[in-house]
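Single-structure report; data block below.
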Amino acid sequence: MSWAVLAVAIAGIGLLAPVVARIRALASLRLPSHLRRRPAPPRLQAAIEDLFSPIEAELAELGFRFSHAAQALATPSEWTPWQPIRVFRHFHFPIVAQLTGPSLPELPNVPILSLLAELKDGPMVLTSNVPMHLFPADPKVQRLAGDSFPSVKDQYAAQLDAMRAEGLQDFLPWGDPEDIEARLGAYEQRCLQAVVQAGWCEPEGESLRIAPRKLPALGYFLTRQIKRLVHTLQQLPPQSPARKTSAPLERSLMLYIATHARPKHSPPAVVQWTLYGLSLALCLVLGGGLLGWPFAGLLLVVIALHEAGHYLALRALGYRHMQMLMLPLIGGVAFGESSHPPAWHRVIVSLAGPLPGLLLGAALLGWPPARPELVQLGWLLLLVNALNLLPLHPFDGGRVLEALLPARHVVVRIALEGLAVLGLLALWWFFGWTIAWALILLKALSWRGLWRQMRFERLYARTARARKPADARALARLAFQTLERVVPARASLRQRIGMVDELITQLRSRPLKGPWALGVAALHLAALALPLALGPQLVQVGRAAFMSEPERQALRSREHEALVRQWSVGELVLALSPTDPTARHAATPLGLATLQQRLGASLPTELIEVYRTRDGLSVDPWLQLAPIGDVLPLRQSRPRLAARLAPQQSPDGSPTHAKIVVECASAPGLPCEVRIDEVLGWWHVGHIEGQPLLLMPGRDGATAHWVRLDIEALRVHPQSSLRELLSQAYLRLHPSTPAPKPR
């Protein structure tokens, strides 16, 4: 995987993750099927008093007076809002102001202010300081006069303008607190009925859920709402508390408890499988365009099998809110929720993905005969699942490690992650795998958070030994207090909640102990060691399996050439003989002795082996070897050529010793020039490329040399060996044909 492909994958995930998270959040949302309100004792909580006080002061300046505190009750009861509600009445106009505490960790300092006025024919005219409406307004129930205001004064002016446009005389006056709560409760109930009638929601037991077919339209509407909210917050002064994402201790604790007190739901099955299908299609399209369709299809099968193992394990162990998703070019994810999963559950879920893939990959690579597609699939199964076993969070190996180590051993976890990084560097150094660097860089982005989490957990452990929190609320309070000493003040409440959640998860986790822990550790190491032991073979098989057709043909040609060059001279002659219809039998010992006697020196070993196999060889016009009886000095075998090359006489009758250039640079030990009369005395053994192939005697008893005489340029070209010439001749005739060894 190249850096460009990896960058595209990360960018795709960065764009896709928020969209998928929003769709899942909407599909998991449950609304009450019935709402009612009633006055409540005015007990303002100190956690939000600093937020309400400035707004209450502005309302008082505009003519509003405190009426009462309210309480909202819902069916089912667990959905009942926790936020305190304070209601104010205008002394002159029929307007009530409702002030509600913040409800989102992303906006911990933004209270919700709504101004409401009811028309005599039923609809409610209202404004809100921020766009917090989940559904588009139904004009039969509510007429929204605005939901983005930088100040209470601007919101009040917009409310009056909308009421004057309707006619102030057409609005009903507000009565006592019981009347206000009854009418507001009826209005909120009409809003719920309107969203059901409009098809936005549908019943599910006692609650309402978002209709799956409405999720795209609702997602688009909420995207516009978020843009307006961001624009509204940007209009506030920079020092405004509403622009801060962190919150004081008591408010952080309140929002944390409220967020975790709400029941969690999973999206409907149709939404889960639709998201899975869309993510699958997106992976296939991106992978096919960047990596090629065959490779993308195989990679998708590998990831789907891996995540299916996790999903089936989660389902078998009774996890809730399960789902599988595919991440473009990176992998996939299968997740579920359980209240307090034991360590052996986490081990089973973590190993259920990679272990079957490793076994299946090994089986495919060892299954004879192996088709190329099965080899590629087996190689990918081994590689992907082996990388997942590395002790890096959030890989499966990291999760196994968390199940084996208690929370106080974070330092050990960091040390093992360092060893995993060294292993990735080794993969890059020895095998050149770019993906190893990609994994290191991705993991490096989390090291700062891991180090901060380690400091937080160690500091909390020291503090908890002194204070000893008695219950869950005290534990959460102490955790948020400890965070003040670890994270900067600008850290958002969402970040703090995530760190507290991880701490509590670690405190609740009980690691495996005794023989079970040793067995799991041994199994993990064995599964990790198997691909590492087969590393070189995997690299070789992978390179061969994923070659393009031209690369595969080039590899076959190189292997074929290497095999042919290992043959002996006799084997090469036998392999070339069928192409020669005039091939003779082997030369007799008497013929070899006669040739050696004529030559006056020992015959080269290669030439003897040729004649012991065949008495002469005619492959094609490129290479021909003469029979023993035709091996003569050049002046006798080619008399006309000898006459043309013979030295001319000088005017005084003495011969001129003309010379021929020898390419001595390519053959050390040879002279750079020789006389023509010497060349004419060399033995003519055959022809190569239409030029005479000569046997040049060695100086002072040295080994003879094979040379080719270029007649036109009058140059002598040394040849490496007769065996090399025969190999080249065979490869010219059979460039890529599998070469069985001749017998």
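The values are calculated or read from the model by the stated rules, or taken from the named source; none is laboratory data. These figures come from a predicted structure and were not determined experimentally. Don't worry about glycine lacking a Cβ; one is built from the backbone with ideal geometry, like all the others, and counts go over all protein chains shown.
Can you say whether Pro136 is assigned by TED's automatic domain parsing to the domain that holds Ser103, under 23 Å from Glu61 (Cα atoms) and assigned to a loop (DSSP other than H, G, I, E, B), as far as the supplied structure shows? No.
Regarding segment 174-184, can at least one residue be identified that is part of a helix (DSSP H, G or I) and exposed (fewer than 13 other Cβ atoms within 10 Å of the Cβ)? Before the answer, list the steps.
Going residue by residue through segment 174-184, those that are part of a helix (DSSP H, G or I) are 177-184.
Pick out the ones that are also exposed (fewer than 13 other Cβ atoms within 10 Å of the Cβ) and you get 178-179.
Within segment 174-184, one or more residues are part of a helix (DSSP H, G or I) and exposed (fewer than 13 other Cβ atoms within 10 Å of the Cβ).
Would segment 600-622 turn up any residue that is of a type in the set (Asp, Glu), modelled with pLDDT under 75 and either closer than 30 Å to Leu359 by Cα or not in a loop (DSSP other than H, G, I, E, B) (or both)? Looking through segment 600-622, at least one residue is of a type in the set (Asp, Glu), modelled with pLDDT under 75 and either closer than 30 Å to Leu359 by Cα or not in a loop (DSSP other than H, G, I, E, B) (or both). Yes or no: segment 525-533 includes at least one residue that is in contact (Cβ under 8 Å) with a residue 40 or more places away in the chain and either closer than 27 Å to Gln453 by Cα or in contact with a strand residue (DSSP E or B) (Cβ under 6 Å, 6 or more places away or on another chain) (or both). No, because not a single residue in segment 525-533 is in contact (Cβ under 8 Å) with a residue 40 or more places away in the chain and either closer than 27 Å to Gln453 by Cα or in contact with a strand residue (DSSP E or B) (Cβ under 6 Å, 6 or more places away or on another chain) (or both). For Leu512, the criteria (1) part of a helix (DSSP H, G or I); (2) within 31 Å of the chain's Cα centre (by Cα) hold in every case but one, which is (1).
State yes or no: is Tyr156 of a type in the set (Phe, Trp, Tyr), closer than 25 Å to Pro41 by Cα and touching a Leu at 6+ places or on another chain (Cβ under 9 Å)? So Tyr156 fails the test. Exactly one residue out of Leu731, Leu725, Leu694 is in contact with a helix residue (DSSP H, G or I) (Cβ under 8 Å, 6 or more places away or on another chain), surrounded by 13 or more Cβ atoms within 10 Å (Cβ to Cβ) and within 15 Å of Leu625 (Cα to Cα): that is Leu694. A single entry from Leu278, Leu284, Leu233, Leu253 fulfils the requirement of being outside any loop (DSSP other than H, G, I, E, B) and assigned by TED's automatic domain parsing to the domain that holds Leu144: Leu233. Residues in segment 185-222 that are outside any helix (DSSP H, G or I) and either charged (D, E, K, R) or at negative phi (or both): Ala198, Trp200, Cys201, Glu202, Pro203, Glu204, Glu206, Ser207, Leu208, Arg209, Ile210, Ala211. Residue pairs whose Cβ atoms lie under 9 Å apart, separated by 6 or more positions or on different chains, with the first residue in segment 28-40 and in the same structural domain as Glu178 (by TED's automatic domain parsing) and without any contact (Cβ under 8 Å) to a residue 60 or more places away in the chain and the second crowded, with 16+ Cβ neighbours inside 10 Å and not in a strand (DSSP E or B), are Ala40/Pro84. Number of residues in segment 712-723 that are modelled with pLDDT of 85 or more and hydrophobic (A, V, I, L, M, F, W, C) equals 2. Applying a threshold of 8 Å to beta carbon distances and a minimum spacing of six or more residues, or different chains, the list of pairs starting in segment 449-466 at a residue that is within 11 Å of Val487 (Cβ to Cβ) and modelled with pLDDT under 85 and ending at one that is buried (at least 16 other Cβ atoms within 10 Å of the Cβ) and among the basic types (Lys, Arg) is empty.
Only one of the numbered conditions (1) closer than 21 Å to Ala97 by Cα; (2) surrounded by 16 or more Cβ atoms within 10 Å (Cβ to Cβ) is not met by Ser151, and that is (2). Being touching a Lys or Arg at 6+ places or on another chain (Cβ under 8 Å), free of Cβ contacts under 8 Å to residues at least 60 places away in the same chain and crowded, with 19+ Cβ neighbours inside 10 Å is a condition met by no residue of segment 197-209.
Quick check: anything in segment 159-171 part of a loop (DSSP other than H, G, I, E, B), surrounded by 18 or more Cβ atoms within 10 Å (Cβ to Cβ) and not polar (S, T, N, Q)? No: segment 159-171 contains no residue that is part of a loop (DSSP other than H, G, I, E, B), surrounded by 18 or more Cβ atoms within 10 Å (Cβ to Cβ) and not polar (S, T, N, Q). Being hydrophobic (A, V, I, L, M, F, W, C) and modelled with pLDDT of 85 or more is the filter; apply it to segment 30-47 and report the residue that is farthest from Ala70 (Cα to Cα). Selected residue: Leu31.
More than 24 Å from Leu218 (Cβ to Cβ) and touching a Leu at 6+ places or on another chain (Cβ under 7 Å): is that true of Leu115 in this structure? Working first, answer last.
Working: more than 24 Å from Leu218 (Cβ to Cβ): yes; touching a Leu at 6+ places or on another chain (Cβ under 7 Å): yes.
Spelling it out, Leu115 is indeed more than 24 Å from Leu218 (Cβ to Cβ) and touching a Leu at 6+ places or on another chain (Cβ under 7 Å).
All conditions in (1) of a type in the set (Gly, Ala, Ser); (2) closer than 29 Å to Gln239 by Cα; (3) touching a Ser or Thr at 6+ places or on another chain (Cβ under 9 Å) hold for Ala72, with the sole exception of (2).
Scanning segment 628-649 for residues that are part of a loop (DSSP other than H, G, I, E, B) and either of a type in the set (Gly, Ala, Ser) or buried (at least 18 other Cβ atoms within 10 Å of the Cβ) (or both) returns Val631, Arg638, Ala646.
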